[in-house]
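The values are calculated or read from the model by the stated rules, or taken from the named source; none is laboratory data. Here the structure is a predicted model, which is why all the values come from computation and not from measurement. Neighbour counts are summed over all protein chains in view; Cβ atoms, including those assigned to glycine, are modelled from backbone coordinates with ideal geometry. Areas reflect the complete protein model, heavy atoms only, side chains present, ligands, DNA and RNA absent. Shrake-Rupley method; radii C 1.70, N 1.55, O 1.52, S 1.80 Å.
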Amino acid sequence: MNFEVNKMAGAVLGSLLVVMGLGFFSDALYAPDPMKKPGYALPAGDAAGGHATAAAPAAPAEPLPVLLAKADAQKGQASAKPCTTCHSFDKGGPNKVGPALYGVVGRPKASEAGFSYSDAIKGKGGNWSFEDLNAFIQSPKAFAPGTKMAFAGEADAAKRADILAYLRSLSDNPAP
């Protein structure tokens, strides 16, 4: 009886060994070459769901002065809430990872005392205008290649205008 169990176990183990050996042999014989590049470009997904969206006809972009006329500083304050992680918005507030932003509209670029600006921002020169701030908030890396700011940017022009209206309100003498 014990001999019969040993013969069955040997047969099962032998069969498994043969199947594994055939698997290794066939993998070595028929190994596919890895692709050098994808066969076709995959469609880009949207940020929310990852699914491709059909291209809608582009609406004509509203000029910044029109957007600023409709902007709401309260909405801008809410939209700028994530910015408080790196920036202070209070008068006399400290520099954090980013410079304090009280009075930034009309202030010379790279001028906040005690903050170490990147060479990309130092090289811009001039004052922070609404147009410059709008371009920077839209895409910091495009506005100042080499900037240390890690924020990817805000694509929505209306939200940017709201943020600009909020930044404008952070001043003793708000810019016109």
**OP:** Hey, can you find the accessible area per residue of region 87-173 for me, probe 1.4 Å, expressed in square angstrom?
**Re:** 50 Å²
Original post:
Any idea how far apart ASP72 and ALA155 come out in nm if each label point goes 7 Å out from Cα toward Cβ?
Top reply: 2.3 nm
Original post:
Hey, what do the phi angles of region 113-118 turn into as Karplus ³J(HN,Hα) couplings, whole Hz, using 6.51/-1.76/1.60 and θ = phi - 60°, x for Gly and Pro?
Top reply: 4, x, 10, 8, 7, 6
Original post:
For VAL12, what accessible area in Å² do you get when you roll a 1.4 Å probe over the heavy atoms of the protein chains, rounding to the nearest 10?
Top reply: 90 Å²
Original post:
With all protein chains present, how much of the accessible area of the chain (probe radius 1.4 Å) comes from carbon and sulfur, to the nearest whole percent?
Top reply: 63 percent
Original post:
Just one of (i) 21.3; (ii) 16.7; (iii) 17.9 is Kirkwood radius over Cα pairs in Å calculated from these coordinates, so which is it?
Top reply: (i)
Subject >> Within region 83-117, trypsin sites (Lys or Arg not before Pro) in DSSP loop having at most 15 other beta-carbon neighbours inside 10 Å >> reply: LYS91, LYS96
Original post:
Once amide H atoms are placed 1.01 Å from N in the peptide plane, what residues at a sequence separation of 5 or more from ASN127, or on another chain, have their amide H within under 5 Å of its amide H?
Top reply: LYS109
Original post:
VAL18 accessible area, nearest 10 Å², 1.4 Å probe?
Top reply: 90 Å²
**OP:** Ignoring everything but the protein chains, give the 1.4 Å probe accessible area of LYS122 in square angstrom, nearest 10.
**Re:** 120 Å²
Original post:
Which angle between 0 and 90 degrees, to the nearest 10, do you get for helix 157-169 versus the longest principal axis of the chain when only C-alpha atoms count?
Top reply: 50 degrees
Original post:
Remind me, relative contact order of region 75-125 in percent, using alpha carbon pairs under 8 angstrom and six or more residues apart?
Top reply: 23 percent
Original post:
Label ALA31 and ASN127 with points 7 Å out from Cα along Cα→Cβ: what is the distance between them in nm?
Top reply: 6.8 nm
Original post:
How do MET1, MET20 rank by accessible surface area computed with a 1.4 Å probe, from largest to smallest?
Top reply: MET1, MET20
